[in-house]
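Structure first, commentary second.
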Amino acid sequence: MPTMVADNISSGYGKNLIIRNISLEVDAKKVTTIVGPNGAGKSTFAKTVVGLLKAQTGSIVVNGDDLTKVPAYKIPGRGLAYVPQVQNVFVSMTVQENLEIGGFVTKGNTHDRMEEILATFKDLEKARHKRAGFLSGGQQNMLAIARALMVNPSVIVLDEPTAGLSPAYTNVVWEEIGRIAESGTAVLVVEQNVERAIVHSDYVHVFVAGQNHVHGTKEEIAQLDLASIFLGRSEATKS
Amino acid sequence: MSAFFLFFMTMVFYVIVFWIASLGLDLVWSRTGIPLFAYYLYVAVGAYLTGLFSLPHVPLQNGVGNLFGFNLPGLLALPLAAVVTGLFAMFVGAVFMRRLRTDYLAVVMVAVALVIWDFSQNDITLVSGNTGLTNIPLPLAGVLHININQWTYLYTGVAFVWALALWWIMKTVSNSPTGRVFRAIRDDSVVAATIGKNVYRYQILSMGIGGFYAAIAGGFLAQLATSWNPSSWAPFEVFNVFTMVIVGGVGSNLGMLVGAALLQVLFIQGPTYVASNYLHSPTFETLAAAAIGVLMWLSLWFRPQGAVPERLKSTAWYLGREPALQETINPDLTVEERA
């Protein structure tokens, strides 16, 4: 049974629908990625899943728990964590404070969980008393991911976690994402870089013009002419 | 006691009162990120309510009177007025922060303060319009049989005790998990929501605490003046409090004291004393008031962190010795190798 099921989701801003009738599933221990051109509705879908935007149709279920109408601030406590695209850390707080505040919604021992996470994210451990505003862009993204993991989520949604990073650091982030999936978490990533997404994902969804145009395993998607799909052409297989 | 000593103690009283006011605005604006341009409205509401709670009911006659009066002791009227003002501030916040953010919220807050100020000038049924409240009792003066000068000295002490208590409370709130959530909302309200914080509720709570502090300051001002009317306050006086916060150091509880002292001594009470006793010219006083704007500008230009910066950073950071953290990851290594 999939950890998260988004069924027939339509959403947008006001009366303007950005995404229409999108369905997808995310499994535990797998990295599922959404790719697509600018304006395809990838981030809108992510925001809808985590309650920042209202789903006008459809449902979002995590571990059998219907989260469709649950307000955004209650979602992390229900097993679904989200890392926004940019400005995703509290710059005036230290690394440790960022992690602690991320764990306040759970009833468990925040300190133990934080030490567990810092043991995994060695670079954050070294910088635990630095203010997040002093970290590099890549380290800030790592911190945002680590903070999201403080609630020990079943599903983590990452909105362009490698945006603005150097190619070398992009690999580092993707490796961490792989490790998170290996630990048992279902990972949903919104990504611009199609090649990297295909390399590091288990399953790929291609969004075009607000719809889930095509999806499949990374091997299946790799066979497609994504440039044509992004441009809206119907020929989808590489010649 | 000389006239100068009386002036000095009155000035100390104002410094203490505006320290309290600055602490409240600092929480709402600097720590939670709400552009509360209606803050002085809560100072005024606190002043009116302190007066109403400590005065007897005076039925309206010839345009003078108050809708209600509880005739409570002044020391009790003050915190009671602060609690009610805090609840009023929460109500205003609940109404306007549901849909409004940043610039739009700021504009609406200015409008709310102006509307209520205008209402207070024109409505005679509630607090006598421009006449306002008069003969607000001096707390303890009747019991201790002291004159107004002695009362000023005594009540400066009372205000100082209040300020110390409110400073300690603010310090405790700032360092608590709740205070950290306020800072998180200031840094980014959307991210705060995504980690499980009910941003709306925390913002309303911040408004309530800020309203409480503003009302304590307003209550003290009304009790010192023994009267309160629309000429005692104006919504744009909030910019004086903003200047105290900026000059003192946003997010710094002790900085608020420094900001309040700087403005009151050098730009408000001091020039008033000099103008009335030596220069006999209101122009000097007006120029000093105008210089507050210049002070804010200079502070933002040359020392944006304020006189006593927020104590989130290490001492080394203030001295500029702490470099930005370098990326310590060797991207050529795998996760296992790096671990």
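Structure values in brief
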{"read-out": "Calculated FRET value between A:ASP225 and A:HIS111, using beta carbons and R₀ = 41 Å, to 0.05", "value": "0.20"}
{"read-out": "Stokes-Einstein translational diffusion, the protein assembly as shown - Kirkwood Rh over all Cα pairs, 1.306 mPa s, 10 °C, in µm²/s", "value": "59"}
{"read-out": "Coordinate range along principal axes, alpha carbons of the stretch A:172-215, Å, largest first", "value": "33, 19, 13"}
{"read-out": "Label-zone membership for the stretch B:1-26, site B:HIS280, 7 angstrom Cα→C-beta point, backbone N under 20 Å", "value": "B:3-4"}
{"read-out": "Scattering curve values for the stretch A:122-239, log₁₀ I(q)/I(0), Debye with Cα scatterers, q = 0.10, 0.15 Å⁻¹", "value": "-0.36, -0.74"}
{"read-out": "Which of A:GLY138, B:TYR40, A:GLN87, positive extreme of dipole for the protein assembly as shown (C-beta unit charges)", "value": "B:TYR40"}
{"read-out": "Overall dimensions of the stretch B:83-205 as given by Cα atoms, namely Rg and Dmax in Å", "value": "20.1, 59"}
{"read-out": "Cβ-placed point charges (K, R +1; D, E -1), dipole of the protein assembly as shown about Cα centre in debye, nearest 20", "value": "820"}
{"read-out": "Sequence-separation-based contact order of chain B, relative, with Cα cut under 8 Å and 6+ spacing, percent", "value": "29"}
{"read-out": "Per residue accessible area in Å² of the stretch B:3-235, where ligands, DNA and RNA are left out and the probe is 1.4 Å", "value": "40"}
{"read-out": "Charge dipole (the stretch B:3-235, unit charges on Cβ, about Cα centre) - positive-most of B:PHE182, B:THR10, B:LEU154", "value": "B:PHE182"}
{"read-out": "At q = 0.10 Å⁻¹, base-10 log of I(q)/I(0) for the stretch B:3-235 (Debye sum, equal scatterers on each alpha carbon)", "value": "-0.48"}
{"read-out": "Greater than 20 Å apart at Cα, pairs in A:LYS130/B:LYS171; A:LYS47/A:LYS218; A:LYS122/B:LYS197; A:LYS30/A:LYS126; A:LYS42/A:LYS218", "value": "A:LYS130/B:LYS171; A:LYS47/A:LYS218; A:LYS122/B:LYS197; A:LYS30/A:LYS126"}
{"read-out": "Extended-chain gain in nm, criterion 0.36 nm per residue less alpha-carbon gap, B:GLN305 and B:VAL115", "value": "65.0 nm"}
{"read-out": "Pairwise label distance in nanometres, A:GLN192 with B:PHE5, each label 7 Å out on the Cα-Cβ vector", "value": "7.1"}
{"read-out": "Surface/4 estimate of mean projected area, convex hull on alpha-carbon atoms of chain A, nm²", "value": "12.7"}
{"read-out": "DSSP bridge orientation in the protein assembly as shown - percent antiparallel, rounded to nearest 5", "value": "60"}
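The values are calculated or read from the model by the stated rules, or taken from the named source; none is laboratory data. Remember, it's a predicted structure, so these values are computed and weren't measured experimentally. Note that each Cβ is placed from the backbone with ideal geometry, even for glycine, and that neighbours are counted across all protein chains shown. Areas reflect the complete protein model, heavy atoms only, side chains present, ligands, DNA and RNA absent. Shrake-Rupley method; radii C 1.70, N 1.55, O 1.52, S 1.80 Å.
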